[in-house]
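S.K.: Sending over a structure as structure tokens; questions will come in a sec.
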Amino acid sequence: MIGAIIGDIVGSRFEFDNYRATDFEFFTEESTFTDDTVCTIAVAHWILVSSERGVTSADRFATTLKEWCIKYPDESYGTRFSQWIASPKDLPEPYNSFGNGAAMRISPVGDYFTFLEDALQYSDMVTGVTHNHPEGLKGARAVVEALSLARKGARKQEIKSTIERTYRYDLSAGCETIRAHNQFDETCQVTVPQAIVAFLESRDFEDAIRLAVSIGGDSDTIAAITGGLAEVYYKEVPPAFIHEVKARLPEEMQEVLRDFYRKLSSNDEETFGGVFLT
């Protein structure tokens, strides 16, 4: 989860001003969290409340998501998602979206649920309140399954072949090829494969984020998806990056992060983001 937030913050200043190389300064004064982080925090908060009170439901998540987004109204939400947030209905209808918002917020589901069947079920629940188009549901599921495989120690080739076979994503084009031709695109079917490719080609966590940003396109969201995968796979996030996140997140978001990683620890999970607790 913290990997996704780091990816969002690092990629934020390149979303509409792509930089197609990896030698950029990682954090600057312009680096900030965006809608990707707000929605990711909302998912984690829903998981925490649900695990404590047994109130897991799509309706409960929709309410939680809307509440967090209303708290942070200026975070570049997409037009249709903004309309969903602003709806006078307590539970607005999903709007058949296949935008990459389905995949950028899903990392807490992949981090938390141990069994793939459960993770995919809750992925559909979290995604379907807004992004109920088959491609939106598929994009989120693909990220969740990749996270599940990474948690279980799968090698990159196994992750690649599973995602290609199960979700029919073409992961054959490398970052260099994507970088040469990429255009801004906010769909799951374009950005999810790109984010996975950046992860697959990376050498470590930082390299994964750099590659994700360097291919252009919707930089913050691609880097958020890649960062979530890289955190789980490499199981190491540089403490300096955690410090940069803490300097940029409101205390209530930091509290959710601390509680989430404590919950992973209590579930006997390897706390790959546990450095956030220190």
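All of the numbers you see were taken from the coordinates with simple rules; none came from a lab. Since the model is a prediction, treat every value here as computed from it, not as a measurement. Virtual Cβ from ideal backbone geometry, glycine too; neighbours counted across all protein chains shown.
S.K.: Take the alpha carbon atoms of region 137-177, find their radius of gyration, then divide it by 2.2 N^0.38 Å using N residues; give the quotient.
M.R.: 1.15
S.K.: Once the mean 1/r over all distinct Cα pairs of region 26-78 is inverted, what Kirkwood radius in angstroms do you read off?
M.R.: With all distinct Cα pairs of region 26-78 included, I get 12.1 Å.
S.K.: Please give the per residue volume of the convex hull enclosing the alpha carbon atoms of region 1-150, rounded to a whole number of Å³.
M.R.: 120
S.K.: Let me ask you something else. In which sequence would Leu200, Leu211 go, from the one with the fewest C-beta neighbours within 10 Å to the one with the most?
M.R.: Exposure proxy ranking, most exposed first: Leu200, Leu211.
S.K.: So if I restrict to the alpha-carbon atoms in the chain, what is the Rg, and what is Dmax, the biggest pairwise distance, in Å?
M.R.: 16.7, 49
S.K.: Treat the count of other C-beta atoms within 10 Å as a stand-in for reagent exposure and order His45, His181 from fewest to most.
M.R.: Numbers: His45 22, His181 9.
In order of increasing Cβ crowding within 10 Å: His181, His45.
S.K.: OK, next. Most fluctuating residue of Thr56, Thr32, Thr79 in a GNM of the chain with Cα springs under 10 Å: which is it?
M.R.: Thr79
S.K.: For region 204-244, just the Cα atoms, rotate onto the principal axes and tell me the three extents in Å, largest first.
M.R.: 28, 21, 14
S.K.: Name the residues whose placed amide hydrogens come within less than 5 Å of the amide hydrogen of Thr187, ignoring near sequence neighbours (fewer than 5 apart) on the same chain.
M.R.: Asn100
S.K.: Grab the other residues whose beta carbon is less than 14 angstrom from that of Lys138, score K and R as +1, D and E as -1, and report the net.
M.R.: Value of the local net charge: -2.
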